[in-house]
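Laboratory data are not the source of any read-out in this text; all were calculated from the coordinates shown. Keep in mind that what you see is a predicted model, and the values were worked out from it rather than measured. As a convention, Cβ positions derive from the backbone with ideal geometry for all residues, glycine included, and neighbour counts pool all protein chains shown.
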Amino acid sequence: MKQLPQSMVFLASVALAIIWPIKAERKEIYEVIHLSYWFLNCPDILYGILFSLQSKPTVYGAYYWTRKSSYALHAPVFCDAFARIHYVTAGWPGSVQEDRAWMTTKFF
């Protein structure tokens, strides 16, 4: 796999913790996720989101081309069973695989 330029790695370091549930809320989330998906003690669900770009970026544009034939930013998003977003790491180019982007989160 090609090594990304250092400037791309810097872009991927933009992370935002929006809200983290308190102990009582986590217990409720655990129960809902367990009943819905059968996962025990799971506080969040992880999604890999692609944010579409209107045009090719002028710097390292080829890195933003996705397997879905468009330009995009890749962002792992952690949310609970009630679709409340808890944590987002944004800035990876669309060509980066989800597991690589997830490894940069503080939860990996």
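Screening the range 40-62 for residues that are farther than 23 Å from residue 30 by Cβ and of a type in the set (Gly, Ala, Ser) and picking the one that is surrounded by the fewest Cβ atoms within 10 Å (Cβ to Cβ) gives 55. Do you know which residues across the range 26-43 are under 16 Å from residue 79 (Cβ atoms) and touching a helix residue (DSSP H, G or I) at 6+ places or on another chain (Cβ under 6 Å)? Listed by number, the residues that qualify are 39, 42, 43.
One residue stands out among those in the range 63-100 that are among the hydroxyl-bearing types (Ser, Thr, Tyr) and either buried (at least 19 other Cβ atoms within 10 Å of the Cβ) or in contact with a helix residue (DSSP H, G or I) (Cβ under 7 Å, 6 or more places away or on another chain) (or both): the one that is nearest to residue 29 (Cα to Cα), which is 87.
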